[in-house]
Structures are given as structure tokens and as C-alpha cells.
Amino acid sequence: MTAQLAGLLLFLIPFAGALLVPLVNFFAPRVVPWLAVLFGLASSLIAFFLLGGTPAGAPITLDILPGFFRSGLLLDPLSLLPALIATWIGFLVLIYSLGYMKGEENLARYYALVLLFIGGMVGMALADNFLALFFFWEVMGVCSYQLIAFFYKDPKAAAAGAKAFLTTKIGDIGLLAAIIILAVNSGSFSFSVNFGAAAGLALPVLGLVAFGFILGAVGKSAQFPLHVWLPDAMEAPTTISALIHAATMVNAGVYLLARVSPVLALVPWSLTLVQWIGAITALLGALLAAFSNDLKRILAYSTVSQLGYMVLAVGVGAAFASQFHLFSHAIFKGLLFLCAGAVIHAIGTRDIRQMGGLYKHMPAVAITFLIGAMALLGLPFLNGFFSKDFILEEVILGGAWGPLALALIAAALTAFYALRTTFVVFWGKPKPAFYQDTLPRAIKLPQAFSLPQATHPHKTPANMVVPLLALALACFLSWLLVGPLSEAWIASGLPAPALSALELIRETFSSLAFIFSLTAIAVGLFLFLQRARLARYFHEQEPGWIRAASRGLGFDDLYTWLADRIRDFGDWVLMVWEERVMEGINRFAAWASLGLSRLSCLLQTGDVHWNLLYVTLTLIVVLGVVLW
Amino acid sequence: MSVNLLPFVFVLFGLGLFCLLTRRSLVKLLIGLELLGKATTLAIIWAGVVRGTPATTQSIALLVISIEALVVAVYLALVYAFHRHNQSLDTDDMRRLKG
């Protein structure tokens, strides 16, 4: 099997699965989940072997519309990494869903959408031109909208789906605009042609293109200021919100930025913009995670924050560091979400204030969650430590001190919320939260869909534990892959430092970033240990910004206000159009036809003599014309 | 033939038209109409004399006369119906179609 065929199969298999699942559902609904798992397994295996055996830059092309549009596959490490993550996380989601979604309705729709989503993500990553990328990008968008609103009978889920769809659409418009400008300029959609031709564009136009790409990535990756959709997306089943959105789809934006970094490099201010967006997002996400009481929301904000780091890395020109962190993050965040799913599945609530002492009931979940949280805050020798320090080191080398400061504050907050969440959920006593009780409950916690509130936790099914153990192991080991990864990058001509795992260790421990991040962790630990004092402070002082933070810092309010103004404007335009323009046309038509009929009434005298006179006069005129 | 009939035709036509435009009685209108018809018939015959094809035009004139007889019959029937309905022959009573 050639790499080309394998690449093609990689996204055709999930698509075929998405097509087949609804059909099979007609006569054998009980087979559907297993069928979906099989399709997921097939594509993830192909992705795994493809990563090992890729010849450097082996594009294949297919004539989609002969003579007009030619699309192909781009197989390089940059594109295979998102594909690998999508297929593997997708496969784990499918296995996990066997237990998690058991007994839900409309399972065929669920599995078909998950498979379609996997196919879309892989297609997006492997596309060698902007048009195909945009097509699969939108396939992902539609699937994500449908999956967030999967429990569509719950109005909040339906609203969250619509919100995600609309918010990401803002970014999509930017992406489409950038693609159109590039395509008009070069007459082609292909990456390589466009990257060559982009240098010929005027700087303002190029700036517009760069801004469009950044906007697209910001929307899809839930970056500041379009991050608002991701926390709401947690209305979806945990499998979806966790894995599809937090661990997979949001990578698309980072991938896009890494892919178009040659264009961004041409616009001086764009990389600075990307740095600041990433740093602000990292800080904002960590802050919001620290003040959230909804387990899935904490993880969602945490994802936003970690994506901020990746965007920051792209902004300092370290695409490899960003992808390395993306790889680590997919593993530890997938682990955290799966643990959260097991917890929610077991006790039927998402409010961490009602949790506590769960270690006794589910030790495996508690230990794996702890491992994931340690990787998240960057404890040495876990994968998150290496990749995050790599990013910070690159930021230091890039001399972006402002964003670095924000990123370090974010790292301290990350340590704080990771520790807080882990200990409150698994070791603390079930008790009111330590500082948020006096605050308005900004987030109304729904009961986790159909599960009843249970005092005695359910046991965790085995098919939910196996992925946890696998991912926990991967948290310890995945950074060892840095050597092969960087070799593959260099082999396909992408900028990456040549690093082996040993060199990575040496570099990491001897760098300034190591000290910085250890300090950040220490500060976070200090904050965590002082949480009782913090709680008292917040109780007594109740600073305004805390209140704001618990409400998502007012972004939702701002956007609601904006949307209302836009709707008011639309109403006004509609009013003018209906009441003035259209009604005016109606009135004029009525007036004109009435006037014309009055005029023509004059002709109808009803008097036979006048009629005869007109007839005579007409005849005379006609005669005169004929004779003359 | 040395007499020119054309002025006579015009006079007859003018009288018929004048009658149609000024009289109000439906019967008088019929007379005016007949005068117009006769003027036309005469004009047709005179045209045949002038062009030297009297036989053709005279046969056309015969046809016109016979058709006129039909027209008169229909006209009289309408007038009769009108009279039965309105007990009047005045055209001032026929203004229901005024716009």
C-alpha cells in the first residue's frame, strides 16, 4: 500500500463509515457502535503506520474538476500530526462511547457524526490546497454544531450549538476572505503556489490576508476574543465536548496558523498580533478556569489557555514547539476529559463543589486524573513539562517579553487550578466551595442530562478505564517521540530544531524557561496552599473582578449586547424596507393605477353621440393620414 | 354619363352623419344610419362607373343592400327590446355605461 493510497483511505474510511452507519442502523441497530469503532480503528491504524513510513513530501493530485480544480494530498509531519491526533482521539472516543452513550437515543446519528467529524479533520489536515481545506474545515464546523446540540431537546444544548456555529462562522468569514484574496492573486488554491505568489502582494492586502487567517484560527481554536463558544459547548455529551472539541477540533486553528506561517512571516505586525492573542488567551483561559466550578468548564477554559500557548509559539515562529505541545496536550487533556466524563457519569453532576473524596470510590480515575493534571501544570518528566518549557524557551529566544510575562502568570494560575480541581474532586470533603459561595451562580449547572443524582457513585465500566490507563502511560512517554518528530520535520523541509530526547532533556533543564516555569509552579502551589486565606479575602472584600471572572469576564454580555444592537439595526433596516420602500411602491402603484383608470373613464362617456363623434373624428384623422 | 355623382354622395353621407350626431330618437338614428349606408352604396356603384366595371360593383352593391336589410332587422329588434324595457326611445336613457 502506497502512502498516497493510505492517505486517501485515511479520510475516506471515516466518511464511508459515516455513510454506512445510518444504513446499518435500519436492520441492525445494535451493531452500530461496534461498526463505528471498527471504522475508527481502521483509520487510526493507517494514520499510525503512515506517520512512520512517509516519504518526504509525497503529494498526490486528483482532478476534482478537470481543468479547473485539482486537489491533492499533502503528507508531511505538520499535516500528519493533526490527522494522527484526530483518528486516535476519535477512536478512543468511539470506544469510550460504547459505555458512555449506552442507552441514549439516536445513536446512529451520534456515531455517524463522530465518524464524519474525524474524516473532516483528517481531510482538513491532509489537504494540499485552500479550497479543500476550507471545505473540510466547514464539514468539521457542521459536525461540531450538530454534536454540541446532540441533546437538542435541552434548549441550552441547542443554544450552545447555535452559539458555537455562529461564533466560529465569524472566523470562517475571515478565512474565506483570505483564501479568496490569495486565489484571485495567484489563480490557484494550492498552498505552494500561493506561498510563492504571496510575496508579490502589496503589504496592506497581505495584511488583510494574514488577518483573515488569524481570524479563522481564532474562531476555530477558541482564542481570545472568540473563545466564548467553547465553554458553552460543554452542554454536549462529555465524549464530544471533551475529545472532539477540546482535544481535536481546536487544534485546527493552530494547524492553520502553522501551515500559513510563511504568509504570516511576510507581514511584520501579524506575528506580534498572534503572540499577544496567544498570551492573552493563555492568561484569560487560566483565570477563568481558576474561577469556575463546573468540572467540564474548568477543562474547557484550560484548553483555551493551553491553545493560547500554542498560538503564542506560532507567533514567535516556533511552529514545531507549537505542534509538539499540541501533541502533548491532546494526550493529557484527552485523559483529563475522559476522567471527568467518568466522574460525571458516576455521580451525575458537574459541580465540583458537590464532589469530594472520590478517590475512595474510583482510585484508578483519581490517579490518572492526577497524572493528567500534573502534565497540565508541567511537572518535570511529564510530557506537558517538556513541550510547555520548549514553548517558553522559544518565546524567550524570540524576545517577546510582554507575552512571556502573561504566559508565566498563566502558568502559575494553571498550577493553581490544576491542583485545586484535582484535590477538591478526589480528596477534599464534599463541602461548599471555599470562596465562590457568596458569588452569584453565574453558571447554572444542569443535571448531567439523563443521569439521576446519585449518592453512591456508579462503578466505572472497564471500557472506560482502559483508555484512561493508556493515556496516562502516554503522558509519561510521549515526549520521547521528540526525536523522530523533529527528524521527520527536517526531512520534509519544515523548520525545526534537530533534537533527540536526550538533547531535549539537557536543553530543557539548562534553559531560563525551566527556572521560570518552576517558579510559576511554585507560585501556583503557594496560591493553592493559601487557598483558605484567599477564600477569606474574597469573602470579605469581594473584588469586582472576581465577580466578573466568574461570569466569564463579561464577554458573553458584551457579545449579547452587540448581537442585540445588530438585531436592532436589522429590525430598523427591515422596517425601512417594509414600511417605507415596499409600502411606498405599493402606494404609488395604487395611486398610479387609480389615476390612470380615472383618466380612461373619461373616454367612456356612455353617450352614443359622443362615441359617434369620436369615431368620426378618428376616421377623418385616419383618412387624412392615408391621403397625405 | 356626364353627371358627377360624387358631390351627391358626400352630401348624403354628411346628412347621415349629422343625423346620427344630433338626433336623439333611436328611430331617427336608424334613418341616419341608412342614409350613411345609401351614400356608401352609391359611392360603390359610382366607383364601378368610373373604373368601367359596373357589373362587379353593382353586384357588390346588391350584396351590401341585402346585408343592410339584416342590419336593419337586428337594429329594430334591439330598439324594440329597449323600448319594452324602458318605455322610451331617447338615447339620453342609455347612459348606464358611463365611466
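Taking 10 Å² as the minimum loss, tell me which residues in the range A:583-608 lose that much accessible area going from the chain by itself to the full protein complex (1.4 Å probe).
Relative to the lone chain, where solvent access is computed with a 1.4 Å probe, the range A:583-608 loses at least 10 Å² at A:Cys601, A:Gln604, A:Thr605, A:Gly606, A:Asp607, A:Val608.
Using a 10 Å cut-off on Cβ atoms, rank the peptides A:386-392, A:502-508, B:46-52 from the highest mean neighbour count down.
My ranking of the peptides, most packed first, is A:386-392, A:502-508, B:46-52.
Could I have the simple spin-label model distance between A:Leu558 and A:Asn106, label points 7 Å from Cα toward Cβ, reported in nm to one decimal?
3.4
If the only charges are +1 at each Lys and Arg Cβ and -1 at each Asp and Glu Cβ, what is the size of the charge dipole of the range B:6-85 around the Cα centre, to the nearest 20 debye?
220
Looking at the square roots a ≥ b ≥ c of the eigenvalues of the Cα gyration tensor of the range B:6-85, which shape do they give, rounded for a/c under 1.5, prolate if a/b is larger than b/c, or oblate?
Oblate is the answer for the range B:6-85, as a/c is 1.5 or above yet b/c matches or exceeds a/b.
Tell me, what are the semi-axes, in whole angstrom and largest first, of the equivalent ellipsoid of the range A:559-627 as set by the roots of 5 times the Cα gyration tensor eigenvalues?
In descending order, the three semi-axes are 57, 14, 4 Å.
Take peptides A:42-50, A:149-157, A:617-625 and line them up by average Cβ neighbours within 10 Å, highest first, as a rough protection proxy.
By packing density, highest mean first, the sequence is A:42-50, A:149-157, A:617-625.
Under the rule a/c < 1.5 gives rounded, and otherwise a/b versus b/c splits prolate from oblate, where does the range A:104-234 land using the Cα gyration tensor?
oblate
Rounded, prolate or oblate for the protein assembly as shown? Axes are the square roots of the Cα gyration tensor eigenvalues, ordered a ≥ b ≥ c, and the cut-off for rounded is a/c under 1.5.
Here the protein assembly as shown falls in the prolate category.
Would you calculate the separation in nanometres between label points at A:Val193 and A:Lys153, each defined as 7 Å from the Cα along the Cα-to-beta-carbon direction?
The answer from the label model is 5.2 nm.
Do any residues of the range B:53-99 show a loss of at least 10 square angstrom of accessible area between the isolated chain and the full protein assembly, using a 1.4 Å probe, and if so which?
Those residues are B:Thr91, B:Met94, B:Arg95, B:Leu97, B:Lys98, B:Gly99.
Using helices alone, what [θ] at 222 nm do you get for the protein assembly as shown, with -39,500 (n - 2.57) per DSSP H run of 4 or more residues, divided over all residues and rounded to the nearest 500?
That comes out to -24500 deg cm²/dmol.
Starting from the Cα-Cα distance between A:Lys169 and A:Arg506, subtract it from 0.36 nm times their residue separation and give me the gain in nm to one decimal.
Additional length available on full extension: 117.0 nm.
Treat each spin label as a single point 7 Å out from the Cα along the C-beta direction, and report the A:Leu8 to A:Val142 distance in nm.
Each label point is offset 7 Å from its Cα along the Cβ direction, giving 2.3 nm.
Can you give the angle from 0 to 90° between the axis of helix B:54-86 and the longest principal axis of chain B, with both taken from C-alpha atoms, to the nearest 10?
Tilt of helix B:54-86: around 10 degrees.
Could you do me a favour and compute the accessible area per residue for the protein assembly as shown, 1.4 Å probe, result in Å²?
In whole numbers, the protein assembly as shown has 45 Å² accessible per residue.
Based on the mean of other Cβ atoms within 10 Å per residue, sort peptides A:264-275, A:216-227, B:25-36 so the most packed one is first.
The packing order, highest mean first, is A:216-227, A:264-275, B:25-36.
Roughly to the nearest percent, how much of the accessible area of the protein assembly as shown is carbon and sulfur, given a 1.4 Å probe?
72
The values are calculated or read from the model by the stated rules, or taken from the named source; none is laboratory data. Note that the structure is a prediction, hence the values are computed from the model and not measured. No Cβ is skipped: glycine too gets one built from the backbone with ideal geometry, and neighbour counts run over all protein chains shown. Surface areas here come from the heavy atoms of the whole protein model, side chains and all, with no ligands, DNA or RNA. Shrake-Rupley method; radii C 1.70, N 1.55, O 1.52, S 1.80 Å.
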